[in-house]
Amino acid sequence: MSFSATETASPLLRATGLAAGYGLLQVLWDVDIEIGQGECVILLGANGAGKTTLLKALLGLVALWHGSIEFKGRSLAGQRTDQRVRQGIAYMSEIGIFPNLSIDENLSLGGYHLPKRDVRTRASQLYAMFPDLEQRRGALAASLSGGQRKMLSLAKAFMGGPQLLIMDEPSAGLSPRYVKEVIATLRQLREGGLSMLIAEQNLGFLDLAGRVCVLDSGRMSFSGGRDALEHDDILRRSYFGLDGEDDGRTD
Ligand code: ATP
């Protein structure tokens, strides 16, 4: 089975034969994944399948045991996470938010490697996309609601002008209203040409997907268009326990 973005175009990210784990526990087994330019890939899998481990391995937050990762055709071997971020990979996680800093300060940190003028320009573009944040730009991040914090982590990840945005369960802890908002924002970013890899169990995110990949006990077991997955009842049941009615969609 092929896990490639397209057979011909050179992918933005190509990972081959990844193996990784913790101590004696091997979590990823010979995982291949590619993300094309402007492509949105949704990574599905049951709890504990290894989704977070895979995302962290791509960022260099978890060490590889075997395998290789190329970004824009160049190997990421030996590169620290901050070097990967400078090359255009962003990771959206709530851990990256500093609660005791203001929204403005958090955003500035997201663009720490950019010239000051670019930070200001980029921040005003992002405030236009996230009006809730602009209204409270001087407030501490600790004072934001869960949904607003998610928006801040997305805006912060986007400050550095990434080409590839990697997200781990952006819907976690959000009300359906905010899930809808996050999906709408991501749709806007995708239309602007951003490539994305999103680990999610909320099937509402499938609407964003150009392609879906499924991790099964640390092995990549499926890669294909979302239609194939939507019509594959065996996959739906085995990964989500769904009967076709309650699939987590928000609309
Ligand atoms: P979920 O959807 O529940 O977040 P996941 O697909 O993201 O799951 P991972 O978080 O990658 O799965 O976990 C894969 C396996 O690795 C699990 O068995 C988990 O217990 C184990 N694991 C994850 N992080 C660590 C760690 N820091 N140390 C030891 N084992 C870990």
Between residue 112 and residue 207, what's the calculated FRET efficiency when r is the beta-carbon distance and R0 is 30 Å? Round to 0.05.
0.35
So who's got an amide H within less than 5 Å of the one on residue 220, skipping anything under 5 residues away but keeping other chains? H placed 1.01 Å off N, in plane.
32
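If Lys and Arg each add +1 and Asp and Glu each add -1, what is the summed charge of the other residues whose beta carbon sits under 13 Å from the beta carbon of residue 35?
Numbers: positive: 14, 72, 190, 211; negative: 32, 34, 39, 70.
Neighbour charge sum, excluding residue 35 itself: 0.
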In whole Hz, what ³J(HN,Hα) sequence does segment 207-213 give by Karplus (6.51, -1.76, 1.60; θ = phi - 60°), x for Gly and Pro?
4, 7, 6, x, 8, 10, 10
If you take the beta carbon distance between residue 140 and residue 87 as r and set R0 to 35 Å, what does 1/(1 + (r/R0)^6) give as a FRET efficiency, to the nearest 0.05?
0.65
The farthest towards the positive end of the charge dipole of the chain, of the residues 21, 214, 112, given +1 on Cβ of Lys and Arg and -1 on Cβ of Asp and Glu, is 112
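Report the charge-dipole magnitude of segment 99-155 in Debye, nearest 20, computed about the Cα centre from +1 at each Lys and Arg Cβ and -1 at each Asp and Glu Cβ.
Details: 8 positive and 5 negative charges, 17 e Å.
In total the dipole reaches around 80 debye.
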What helix-only [θ] at 222 nm does the chain give? Using -39500 (n - 2.57) per DSSP H run of at least 4, over all residues, to the nearest 500, the answer is -9500 deg cm²/dmol
How far apart, in nm, are two points set 7 Å out from the Cα along the Cα-to-Cβ line at residue 219 and at residue 46?
1.4 nm
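Can you tell me the relative contact order of segment 17-118? Whole percent, Cα pairs under 8 Å, sequence separation 6 or more.
Values: 81 pairs, mean separation 22.8, N = 102.
Relative contact order, segment 17-118: 22 percent.
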Between residue 72 and residue 132, what is the label-to-label distance in nm when each label sits 7 Å out along the Cα-to-Cβ direction?
3.3 nm
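Quick check for me: using +1 on Lys/Arg Cβ and -1 on Asp/Glu Cβ, what's the dipole size of the chain about its Cα centre, in debye to the nearest 20? Don't skip to the answer; put the middle values down first.
Details: 27 positive and 29 negative charges, 240 e Å.
For the chain, the charge dipole is close to 1160 debye.
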Just by accessible area at a 1.4 angstrom probe, what is the order of 178, 127 from largest to smallest?
178, 127
Which order do 134, 39 take by accessible area at a 1.4 Å probe, largest first?
134, 39
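The values are calculated or read from the model by the stated rules, or taken from the named source; none is laboratory data. Quantities reported herein were computed from a predicted structural model and do not represent experimental measurements. Please note: Cβ atoms are built from the backbone with ideal geometry, for glycine as well, and neighbour counts cover all protein chains shown. The area values use the complete protein model at the heavy-atom level, side chains included, leaving out ligands, DNA and RNA. Shrake-Rupley method; radii C 1.70, N 1.55, O 1.52, S 1.80 Å.
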